[in-house]
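All of the numbers you see were taken from the coordinates with simple rules; none came from a lab. Please read all numbers here as calculations on a predicted model, not as lab measurements. Every residue, glycine among them, receives a Cβ derived from its backbone with ideal geometry; neighbour counts consider all protein chains shown.
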Amino acid sequence: MADVHRVLSLIDEIHHTLKWMKANGCRGFEARHSCLADSVAHMDDAPNTPPTSCALTSNILDDTPAMHIDPQDSLDSIQSDIVNCQRCKLAKTRTNIVFGEGTPSARLMFIGEAPGFDEDKQGKPFVGRAGQLLTKIIQAMGLTREQVFIGNVIKCRPPGNRNPEPDEILACAPFLNRQIAVIQPEFICALGTFAAQTLLHTTVPISKLRGQFHDCNGIQLMPTFHPSYLLRSPEKKRDVWEDIKLLMNAMGL
Ligand code: SF4
């Protein structure tokens, strides 16, 4: 995870610095040391400091044509673009791409790590035992799966449910970026360490992240334990319910 965070951090910083330079009147520069030094001096004189944001929703790869986010984008067009995706090596081992499901107008998105065995077989998110637990959590909130959007950071199952690798995250991140940009949820519930750390661009453990909201480009993000972890450690259900109650309160449920 450390490598991917360094890469995401670097790309994120470059992206935001360039946007900030553009907003402050910079229309281009030569990439020679002397010119870069001039640019840095110009930045030092500028009134505002570059903004920061969470890793994924900053659209880190939006200069790549297929990853461009535009106001006309929709879940349907993202789904068309992802069909038969071969952008990373997980394409060779998957059975189905798991795009995610739910309403495009969801106030709340649940985002997990990656599809597991059952999800890979069915092409749907959170349909195994962990998924059934997530469904119960959603119902306990007074909602249905159809009223939220459920997805993952990575759309194809890593073999043996191993952790996604940095190149796979970078290849797949634009699809989640676009989903978030289209849905524009008010809230995100990040399920488990991987999703929370990737979305929040941090290596802080989930046990420290959970229990409070974090800002993710204006979206209130609540990290909590992954349902599959709850199956192994049912004593953590109380913590998850505390996190969910905070979400419900913020959502007015
Ligand atoms: S994980 Fe994402 S980038 Fe990789 S093949 Fe699947 S859809 Fe494409």
Item to check | Count of residues meeting criterion [out of contact with any Phe, Trp or Tyr (no Cβ under 8 Å at 6 or more places or on another chain) and under 11 Å from Gln220 (Cα atoms)] in the range 189-199 | outcome: 1
Checklist entry - Within the set of pairs 6 or more residues apart or between chains, which connect a residue that is of a type in the set (Gly, Ala, Ser) inside the range 166-187 to a residue that is more than 9 Å from the ligand (Cβ to nearest atom) with Cβ atoms less than 7 Å apart? => result Ala173/Leu56; Ala173/Ile60; Ala173/Leu61; Ala181/Ile69; Ala181/Asp73
Checklist entry - Taking into account only those residues within the range 82-103 that are in a loop (DSSP other than H, G, I, E, B) and under 16 Å from the mean Cα position of the chain (by Cα), which is farthest from the ligand (Cβ to nearest atom)? => result Gly100
Checklist entry - Among the residues of the range 218-240, which ones are more than 15 Å from Leu134 (Cβ to Cβ) and surrounded by 16 or more Cβ atoms within 10 Å (Cβ to Cβ)? => result Ile219, Gln220, Leu221, Asp239
Checklist outcome for this item: Among the residues of the range 216-250, the number that are under 20 Å from the mean Cα position of the chain (by Cα) and assigned to a helix (DSSP H, G or I) is 7
Item to check | Count - residues of the range 151-164 that are more than 10 Å from the ligand (Cβ to nearest atom) and in contact (Cβ under 8 Å) with a residue 12 or more places away in the chain | outcome: 4
Item to check | Members of the range 142-171 found to be among the charged types (D, E, K, R) and within 30 Å of Asn249 (Cβ to Cβ), listed by number | outcome: Arg145, Glu146
Checklist entry - Given (1) in contact with an Asp or Glu (Cβ under 9 Å, 6 or more places away or on another chain); (2) outside any helix (DSSP H, G or I); (3) surrounded by fewer than 22 Cβ atoms within 10 Å (Cβ to Cβ), where does Phe126 come up short, assuming only one miss? => result (3)
Next on the checklist: Suppose we filter the range 98-115 for residues that are in contact with a Gly (Cβ under 7 Å, 6 or more places away or on another chain) and farther than 18 Å from Leu247 by Cβ; how many remain?
Outcome noted: 3
